[in-house]
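S.K.: What follows is a single structure, and I will ask about it in a moment.
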């Protein structure tokens with residue numbers, strides 16, 4: 001498994017608008033977050049070992065913070081022609097406590113400068129980026145417990161109105177599986 005780090009989109013960036021199909025039916029846009037205290041947008045997929053490694057704790061963390069007024073949205077932008085295990089039909093089996101969307105054109109991933117799975121972005125209620133980075137220090141095989149401590153810290157500080165440190169550790173995971181000829185310039 002090759003390790004790719006997130007691009008670390010500039011803090012303060014306004015969340016780019018999008019409308020994408022949900023694996024549970026219908027379309028979803030950023031309007032979904034209108035009444036939240038902030039939201040987590042994450043680029044994930046079905047087969048990435050880095051995502052699978054944190055999946056159980058991600059479900060728990062999301063459920064906890066959804067109950068505290070934070071919206072969560074998962075997006076898969078992988079090329080399903082070459083990676084059929086990431087198809088929308090198989091995405092619905094994940095049963096996440098948040099909407100799981102499919103970015104077939106990969107334009108949403110590009111708008112957020114997403115590079116890897118998982119790639120986390122936290123926006124405040126004004127839709128300004130306040131955190132981008134890792135879930136925690138755990139990686140497949142490194143024996144560090146999966147806790148979500150980095151994401152939890154950012155969310156707790158945002159909910160308390162405290163400043164979130166701008167020193168943030170990039171996420172690391174599998175690269176987004178770009179369609180042939182579709183990889184963005186920032187990805188190299």
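Every read-out reported here was derived from the displayed coordinates using simple, explicitly stated rules and does not represent laboratory data. Note that the coordinates shown come from a computational prediction; the quantities given were computed from them, not determined experimentally. Glycine gets a Cβ as well: all are built from the backbone with ideal geometry, and neighbour counts include every protein chain shown.
S.K.: Cβ neighbours within 10 Å, averaged per peptide: list 109-118, 3-12 in order, most packed at the top.
M.R.: Highest-to-lowest ranking by the protection proxy: 109-118, 3-12.
S.K.: Residue 156 versus residue 111, label points 7 Å from Cα toward the beta carbon: distance in nm?
M.R.: Spacing of the two 7 Å Cα→Cβ label points: 3.3 nm.
S.K.: Mean-square fluctuation check for the chain, GNM, Cα pairs under 10 Å: which of 87, 166, 138 is largest?
M.R.: Of 87, 166, 138, the Gaussian network model singles out 166 as fluctuating most.
S.K.: With a 10 Å Cβ neighbour count serving as the proxy for reagent exposure, in which order, fewest first, do 144, 130 appear?
M.R.: Fewest to most other Cβ atoms nearby, the residues stand as 144, 130.
S.K.: With label points built 7 Å along Cα→Cβ from the Cα atoms of residue 169 and residue 93, find their separation and express it in nm.
M.R.: Placing both labels 7 Å beyond Cα along the Cβ direction yields 3.2 nm.
S.K.: On to the next question. In terms of the Cα gyration tensor, with a ≥ b ≥ c the square roots of its eigenvalues, is segment 4-187 rounded because a/c is under 1.5, prolate because a/b exceeds b/c, or oblate?
M.R.: Note, shape of segment 4-187 comes out rounded.
S.K.: Pull up the DSSP beta bridges for segment 44-180 and report the antiparallel fraction as a percent, rounded to 5.
M.R.: Here the antiparallel bridges make up roughly 65 percent for segment 44-180.
S.K.: Under 16 Å from a point 7 Å along the Cα-to-Cβ line of residue 59: which residues of segment 99-115 have their amide N that close?
M.R.: 99-100
S.K.: Using Cβ contacts closer than 10 Å as the measure, can you line up 105, 76 from fewest to most?
M.R.: In order of increasing Cβ crowding within 10 Å: 105, 76.
S.K.: Can I ask one more? Let me check against my output: what whole-number percent is the relative contact order of the chain, with C-alpha pairs under 8 Å and at least 6 apart?
M.R.: Relative contact order here is 32 percent.
S.K.: So, one more: Using only helices, what value at 222 nm comes out for the chain when you add -39,500 (n - 2.57) per DSSP H run of length 4 or more and divide by the total residues, to the nearest 500 deg cm²/dmol?
M.R.: The helix contribution divided over the chain gives -6000 deg cm²/dmol.
S.K.: Still on this structure: From zero up to wherever the largest Cα-Cα distance of segment 1-89 sits, split into 5 Å bins and tell me the percent of pairs in each.
M.R.: Percent of Cα pairs in each bin: 3, 10, 18, 22, 24, 16, 5, 1.
S.K.: Report the dimensions of segment 129-169 along its three principal axes from the alpha-carbon atoms, largest first, rounded to Å.
M.R.: Principal-axis extents of segment 129-169 (Cα, largest first): 35, 15, 12 Å.
S.K.: Let me have the relative contact order for segment 102-178, percent, based on Cα pairs under 8 Å that are six or more residues apart.
M.R.: Contact order relative to length: 36 percent.
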